[in-house]
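Right, one structure below, let's go through it.
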Amino acid sequence: MKAMSGGRVVLAAAVLAILCAPGLAAADAKIGYVDLQRALSESAAGKKAKEDFRGQVERIEGQLKGKKDELDKLKSDLETKGTVMADGQRRKLEAEFEQKRLDLKRRFEDSQAELQKKDQELTGRIIQDLQGIIKEVGDRDGYTLILELGSSPVLYYKKSSDITDDVLSVYNAKR
């Protein structure tokens, strides 16, 4: 028999504990599901964050394109004029090319890290806010348990148990 992953064991134990708790019949358990990824991408704040992020990506791509164009010109100069240059001039141009290539590589890596950090900041705040709304909706509507569709091992659920639209409407109304 295949062993259960840590997340599945915790989920199974939580559901079992809720369903077997004294005074709580299985029929009394109200379980809902939220697709956090969909809520993030469809919320007004999520759409704005995605637009802001796209603007930053375009800005960084523009900066990197300028550096890449410079590098391509140097490479072209090396290929076309390198054979007729004096050894000292050619070595100097090769060193300049290598320096600019390394600089572009570092800028690209730094940009990737910067964009990843910015994405986490933007989405992290929204997800934190959504979790508060999920708790609010769960308390308001008497849910025993609310699971995330994207990360939990949910194999089946009734569409009527998906409260993502409700969470989105409450979240967007508060923004």
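Taken together, the values in this text are just the output of simple stated rules run on the coordinates, not laboratory data. Note that the coordinates shown come from a computational prediction; the quantities given were computed from them, not determined experimentally. Ideal geometry is used to build each Cβ from the backbone, glycine not excepted, and the neighbour counts take in all protein chains shown.
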Notebook entry, point to check: Which net charge results for the neighbourhood of ALA45, defined as the other residues with beta-carbon distances under 12 angstrom from its beta-carbon, given Lys and Arg at +1 and Asp and Glu at -1?
Noted result: +2
Item checked: Local electrostatic count at GLY82 - Lys and Arg +1, Asp and Glu -1, tallied over other residues with Cβ under 9 Å -> -1
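Hey, with R₀ at 41 Å, roughly what FRET efficiency would GLN56 and TYR156 work out to, going by the Cβ-Cβ distance, to 0.05?
Working: r = 39 Å, r/R0 = 0.96.
So, using R0 = 41 Å, E works out to roughly 0.55.
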Check: Which aspartates and glutamates have a Cα lying under 15 Å from the Cα of LYS67, excluding residues fewer than 8 positions away in the same chain?
Finding: GLU58, GLU96, GLU98, ASP103, GLU109, ASP110
Check: LYS118 label point, 7 Å along Cα→Cβ, cut-off 17 Å on backbone N: hits in segment 41-64?
Finding: 46-64
Checklist line | Projected label distance in nm at ASP141 and ALA29, using a 7 Å step from Cα toward the beta-carbon | finding: 1.8 nm
Next item on the list: Please give the residues of segment 96-118, grouped as numeric ranges, whose backbone N is less than 16 Å from a label point set 7 Å along the Cα-to-Cβ vector of LEU64.
Entry: 101-118
Margin query: Per-residue counts of other Cβ atoms within 10 Å, averaged by peptide: what ranking do you get for 121-134, 82-95, 45-58, highest first?
Written below: 121-134, 45-58, 82-95
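Chymotrypsin sites (Phe, Trp or Tyr not before Pro), restricted to segment 54-163: which are DSSP loop and have at most 15 other Cβ atoms within 10 Å?
On the way: sites: PHE97, PHE108, TYR143, TYR156, TYR157; in loops: TYR143, TYR156, TYR157.
Those satisfying the criteria are TYR156, TYR157.
Based on Cα coordinates alone, diagonalise the gyration tensor for segment 6-174, multiply each eigenvalue by 5, take square roots, and list the semi-axes in whole Å, largest first.
Calculated on Cα positions only, the semi-axes equal 56, 18, 11 Å.
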